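Read the structure below first, then the notes.
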Amino acid sequence: MRILALVVLVATAGAVAVLSADYDRCFYEMEALGNWSAPALRDGKAFSAADFRNALDSWGMDGDCRPRIVSYFCHIAGLKSRLALWQHVPMHPSFTPLWIVTLVLAPILLYKALGILLASRPMAMLGAALYLASPGYLSSMLMLFHPGKPLANFAFILMLYLAVRANQAVEGEPADSGARMPRCLVIGLVVLLPVLLLADETVMFCLLIPPVFAWRLFVPWPWTGRDLRRSALAWGILLVPAVLFALAALLVLPPLCSALLGQSFDFGSYMSRASIPQKFDLEHLGRNALTLLSAGLVPWPVLGLSMPVMRNSEHVPWGWLPALAGAATAAMLLVRRDGRYWRPCRKAALLTGIFIVLMTLATSHHPDELILAGFYHGSIFSVLWPVLLATVLSALAHDASWRKAAAGLAAVCLVPLAFFNSVCLGRQWQEHNNWKALQWLAEAPYNPLLEAADPAQFARLYRSNYEVKYSPDTPSARMATGRTVAYHLWKQRRQPLPRPIEGQPLALRDLWVLTELYFMRTPDRLDAMACTTDPGWRTPWIWGWKQASAYNLALARLRPERPQEQTLPVLGCHRTAPLERDTHGREGRVVYPWFAGDLAGGLRAMTAKGYDLFVLDVSRRNLPPGPYWAFHRSFVEAREEGSLAGLGVRPVGTVHVDGREIMLFEILIR
């Protein structure tokens, strides 16, 4: 069994390594790249103390007041690290420095925890292999998104390891010895967990681990004064992270956000405002249990469900629920009959049931019908699942040789099945990400590198998949691999306009390369002597001076004396919606309505999105002939013909940058 477990673990790790090298299956979530880059880079690409302030911008980073400042800071640090690395090496689509914690340290800690819990290295290896193949683990490798869920996984594994280690320390002591909480668990609860609670709200679930897996520290026996005091002290230490989180969310963050960012922060109103009570019912509880269990036991395509958002035409295959419930009952009876592993199994089963209930309550705050399969959403289940299966396999492999063979065969089947399902779930999320990319492109930042794509195909996909929330990639997508495209564009990173390979139009899955290269080529600061403004420019409708650095970042792209950086015109827009309710990365966003194709269509598109002001370089005449420049060409022609007023456009200000004339225009049509 030990050799088989080692082979399974090594083979799974090798499959994960091969999958990580596939640039077409790994992807950068466009919600993070498109919406969160502006607040993350508000003060430039270099690391600075302002990053801690920008990490408080929950409206810009998340679109609401959520106390996930550790996660926001990790996203800022990850994005700036990637932009710095682009100068030297072509980047991986989903790489982040957090991989050292989420992909390396977390499985090691889980292996150690299972080794203590089951007292069996082979079963610990199989449990670690199951985790490596799980959707929760592979989602943090396949997809670069909000780091909150991968950090929640790490927090759960860390607390599990500390709890079983603490339980091991007190297990050999007499029942009436009054065991104290070990120092490692105290440090984890008082120091580490309060920090991780500010990464994601689901980390709160980790508070249940110590009372379940180290219950002797919290239950006084016998009921003497000394034992009652020690038990009360243990419960007090357990409540420290929750109290610190409540103080931070309710008392510390509101004045900080108001003083440093001028934003309101009301976590209590978010919890009540976003809740949809109708989604917390038996139907959603059953569906979440079905999908979470199916991700580890049933080939995902058989269910006929899409993830992460359920399509309107799909139906829940309720017929699988009795079969899964029967399999779970049989497994529990097997472990109960064996007796040796019944205690850890029932503890993990208890936490699994509580987790499904809490995740159903948490997803009731989401406007869409989320499908929980452990891939990002509900990823903590990918930690509970290996613990449950490892206890079942341990009970199955006990004693007789045929039972060991059956346990080995089960492991050989379950690990590839979990890996297959994780890849399928990743592909479905990638189709959802294509849809997000199309929504983002409808008001995308100005990026002349997008000239290498095919706007006509993007526009057709945008119109045909708007209501579906899933989209295929462009039909005539490039034939080269994603790794080849990234390397090819990286080699040309110093050229004014890098060209695609053999003239093939780039695909939706290449947008992350174009966007990050554009950020990398943009200078951090604008020389004070390079820009002059008219007195009329100092008006409230230019985002306010708090966003001045973001606007300077846009103007800096116009500097012609740096050919390796951007030298082409820029179009910026201002939204009429209140800033505190519509930050979501849009303040200071540089928008170019290239989907529209001409001036009239572009104005209608900007008006529909709530924009009423924009700036444009009116001194440039020789524009490239590609479709990306159709809006700019039609604007220059209309200005020369004097027909702007008839189209509902009025010039209201001028900026001179390095000899270029940048004009501010107001859209009068509504």
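Describe numerically, in nm with one decimal, the distance between label points set 7 Å from Cα along Cα→Cβ at Arg650 and at Leu233.
Inter-label distance under the simple model: 7.4 nm.
Accessible area per residue, 1.4 Å probe, Å², for segment 324-472: what's the number?
Numbers: 5560 Å² over 149 residues.
I get 37 Å² per residue for segment 324-472.
Evaluate the distance, in nm, between pseudo-label points positioned 7 Å from the Cα of Ala84 and of Ala242 along their respective Cα→Cβ axes.
3.9 nm
Using modelled amide H (1.01 Å from N, peptide plane; none on Pro or chain starts), what sits under 5 Å from the amide H of Met143, excluding residues fewer than 5 places away?
So Met143 has HN proximity to Phe27.
Given an 8 Å cut-off on Cα distances and at least 6 residues of separation, report the relative contact order of segment 98-246 as a percent.
24 percent
Between Ala13 and Arg427, how high is the FRET efficiency from 1/(1 + (r/R0)^6) when r is the Cβ-Cβ distance and R₀ = 25 Å? Nearest 0.05. Intermediate results must be reported in sequence, preceding the final value.
Numbers: r = 22 Å, r/R0 = 0.86.
After rounding, the FRET efficiency stands at 0.70.
Based on the Cβ-Cβ distance from Val252 to Val219, what FRET efficiency comes out when R0 is 41 Å, to the nearest 0.05?
Working from the Cβ atoms, E equals 0.75.
Would you please give the residues with an amide H less than 5 Å from that of Ala453, counting only those at least 5 places away or on a separate chain, with H modeled from the backbone geometry?
Correct list: Leu506.
When averaged across all projection directions, what area in nm² does the alpha-carbon convex hull of segment 306-400 cover?
Its average projected convex-hull area is 7.0 nm².
If you take every residue apart from Val203 with its C-beta less than 14 Å away from the C-beta of Val203, what net charge results, scoring Lys and Arg +1 and Asp and Glu -1? Write out the running numbers ahead of the final one.
Working: positive: Arg66, Arg68, Lys149; negative: Asp200, Glu201.
Net of charged neighbours comes to +1.
Just subtract the alpha-carbon distance of Ala49 and Trp318 from 0.36 nm times their residue separation and send over the number in nm, one decimal.
91.6 nm
Peptides 508-517, 109-118: what's the order by average Cβ count within 10 Å, highest mean first?
With the highest mean Cβ count within 10 Å placed first, the list reads 508-517, 109-118.
Mind ranking 186-192, 151-157, 278-284 by how tightly packed they are, going by the mean number of other C-beta atoms within 10 angstrom, highest first?
Top of the packing list down: 151-157, 186-192, 278-284.
For Lys279, what is the net charge nearby, where nearby means another residue's Cβ is under 11 Å from its Cβ and Lys, Arg count +1, Asp, Glu -1?
-3
Expected output is a single nm value to one decimal: the length gained when fully extending between Ser269 and Met479, i.e. 0.36 nm times separation in residues minus the C-alpha distance. What is it?
Taking Ser269 through Met479 to full extension adds about 70.7 nm, to one decimal.
So with the 1.4 Å probe, I'd like the accessible area per residue for segment 1-140, rounded to whole Å². Write out the running numbers ahead of the final one.
Numbers: 4450 Å² over 140 residues.
So segment 1-140 comes to 32 Å² accessible per residue, rounded to a whole number.
Distances longer than 27 Å among the Cα atoms of segment 93-239: what percent of all pairs is that? Walk me through the numbers before you get to the answer.
Working: 2972 of 10731 pairs.
Considering segment 93-239, 28 percent of its Cα-Cα pairs are separated by more than 27 Å.
With labels modelled as points extended 7 Å from the Cα through the Cβ direction, what inter-label distance (nm, one decimal) is found for Ala119 paired with Arg337?
2.2 nm
Of the accessible area of segment 286-411, with the probe set at 1.4 angstrom, what percent is carbon plus sulfur?
C and S fraction of accessible area: 65 percent.
Rounded, prolate or oblate: pick one for segment 256-360, where a ≥ b ≥ c are the square roots of the eigenvalues of its C-alpha gyration tensor, a/c under 1.5 means rounded, and failing that, prolate if a/b is larger than b/c, else oblate.
Oblate, since a/c reaches 1.5 and b/c is not below a/b.
List the residues of segment 185-229 whose backbone N lies under 15 Å from a point placed 7 Å from the Cα of Ile354 along the Cα-to-Cβ direction.
202-219
So what's the net charge close to Ala5: Lys and Arg +1, Asp and Glu -1, counting the other residues with Cβ under 14 Å from its Cβ?
For residues surrounding Ala5, the net value is +3.
Under 19 Å from the Cα of Lys80, which lysines turn up, not counting those fewer than eight places away in the same chain?
Lys45
Gain in length, Ile100 to Asp598, computed as 0.36 nm per residue apart minus the alpha-carbon separation, to one decimal in nm? Write out the running numbers ahead of the final one.
On the way: separation 498, 0.36 × 498 = 179.28 nm, distance 4.74 nm.
Full extension of this stretch gives 174.5 nm more.
The values are calculated or read from the model by the stated rules, or taken from the named source; none is laboratory data. Quick caveat, the model's predicted, so the values are computed rather than measured. Positions of Cβ are backbone-derived with ideal geometry, glycine not excepted, and every protein chain shown enters the neighbour counts. Protein only, heavy atoms only, side chains kept; ligands, DNA and RNA dropped before computing areas. Shrake-Rupley method; radii C 1.70, N 1.55, O 1.52, S 1.80 Å.
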